[in-house]
1. Equivalent ellipsoid semi-axes for the stretch 10-100, as square roots of 5 times the alpha carbon gyration tensor eigenvalues: give them largest first, rounded to whole Å.
2. Under the rule of -39500 (n - 2.57) per DSSP H run of 4 or more residues, summed and divided by the residues of the chain, what mean residue ellipticity at 222 nm is obtained, to the nearest 500 deg cm²/dmol?
3. Suppose each label sits 7 Å from its Cα in the direction of the beta carbon; what would the Lys10-Trp37 distance come out to in nanometres?
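What follows draws every value from the coordinates through simple rules; no lab data is involved. Because the structure is a prediction, the values reported are computed rather than measured. Note that we place each Cβ from the backbone using ideal geometry, even for glycine, and neighbour counts take in every protein chain shown.
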Amino acid sequence: MEKKIRIPEKIVILDKTYTIKFVDNLQHKTDSYGDIWYQEQEIRLQSEGGDVNRHRQATESCFFHEFVHGILHSISEAGLRENEDFVTRFSSVLYQSLRESKMLVTE
Ligand SMILES: [Zn+2]
């Protein structure tokens with residue numbers, strides 16, 4: 001079975017600490033698998049259970065996507081932060097490189 005990377009409960013981005021929450025109904029409510037709330041300092045990810053069948057790697061990739069949004073928010077790169085194509089491509093490469101070089105904690 002494929003190893004999962006450890007998605008932390010909290011992640012620090014400069015002076016902010018975001019809490020990562022898994023929720024069951026995100027996809028139904030927002031038609032997305034993750035989002036980030038800058039004021040609340042919260043990243044929400046669609047959980048893999050229930051009626052939403054989701055591959056673990058999609059969840060991990062989604063976490064990196066929201067993480068990159070958070071980084072760009074913290075460094076005041078509003079243009080890049082709102083550029084979903086940039087965020088998706090950049091976070092995908094970051095995730096792939098770290099994963100394939102075994103720099104991520106797996107469980
Ligand atoms: Zn996004």
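1. Numbers: eigenvalues 86, 49, 31 Å².
Taking √(5λ) for each Cα gyration eigenvalue gives 21, 16, 12 Å.
2. Working: 4 runs with 45 residues, N = 107.
Dividing the helical sum by the residues of the chain leaves -13000 deg cm²/dmol.
3. 1.7
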